[in-house]
1. Residue 108 to residue 28: extension gain in nm, 0.36 nm per residue of separation minus the Cα-Cα distance?
2. Pick out the long, greasy-scoring helices in the chain: whole DSSP H runs spanning 20 Å or more along their own axis by Cα, mean Kyte-Doolittle at least 1.0.
3. Across the chain, how many lysine pairs separated by 8 or more positions, or lying on different chains, have Cα atoms within less than 18 Å?
4. Find which of 183, 59, 150 sits farthest along the positive direction of the dipole of the chain, computed with +1 on the beta-carbon of Lys and Arg, -1 on that of Asp and Glu, about the Cα centre.
5. Collect residues whose amide H, placed 1.01 Å from N in the peptide plane, falls under 5 Å from the amide H of residue 33; neighbours closer than 5 in sequence don't count.
6. Rounded to whole Å and sorted largest first, what semi-axes of the equivalent ellipsoid does the C-alpha gyration tensor of region 1-145 yield via the square root of 5 times each eigenvalue?
7. Simple spin-label model, 7 Å along Cα-to-Cβ: residue 98 to residue 84 in nm?
8. Rounded to a whole number of µm²/s, how large is the Stokes-Einstein D of region 48-117 at 10 °C and 1.306 mPa s, given Rh as the Kirkwood radius over C-alpha pairs?
Amino acid sequence: MQNKRLIILLECAIFAAVAMVLSFIPLDIGSSFSISLGMIPMYVIAIRRGFWAAGFAGLLWGLLHFLTGKAYILMPSQAIIEYILAFSFIAFSGVFSKQVRINLAANKLKEAIQWAWGTMIIGGLARYFWHYVAGVLFWGAYAFKGWGAQLFSIVMNGASCLGTVVVSGIIISILLKTSPKLFLPK
């Protein structure tokens, strides 16, 4: 049992590190829209290990932003919301992980992919909700002329969430087809 916990913690650290490396691939358009490729390994660990592991891996990934200089910090409260809360809420990417794994193990690929998309959407929305909140509270001064902070934040964070989930979902769907054992720990 102790070895299993250690293995899960190590997997979380590895997936967080891979997510951080993927974060350095420039897919930003302007200062407010980006596709977060780091969500791909987060979705893998979420499906592979579930809610708590996804939350821990997400927290590690968020903390790595500080260590690598990738955190955009206006003030401490904004940093906590965007890098601690938002990344910890990646945990919600694991809410249907059991259903994905059960269907995958039963060779029901279509059902596994459907559950995976559901869990990725929930996890993406959970993370980007906090980015929306930070956008309203802290980034409103950067809104387009004539846009309020709420509209700017919902449009930019909504587009980033949608783009991230779609790109990640396509890759996760391919991985579920080609490498199902990646999602089925022993």
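The values are calculated or read from the model by the stated rules, or taken from the named source; none is laboratory data. None of these values were measured; they are calculated from a predicted model. Every residue, glycine as well, gets a Cβ built from its backbone with ideal geometry; the counts of neighbours run over all protein chains shown. Just the protein is used for accessible areas: all its heavy atoms, side chains included, with ligands, DNA and RNA removed. Shrake-Rupley method; radii C 1.70, N 1.55, O 1.52, S 1.80 Å.
1. My answer for the length gained is 25.2 nm.
2. 2-23, 51-68, 149-178
3. Summing the qualifying lysine pairs gives 12.
4. The residue sitting farthest along the positive end of the dipole is 183.
5. HN-HN under 5 Å from residue 33: empty list.
6. With the √(5λ) rule applied to region 1-145, the semi-axes are 28, 18, 13 Å.
7. Simple spin-label model gives 3.1 nm for this pair.
8. Estimated diffusion coefficient is 120 µm²/s.
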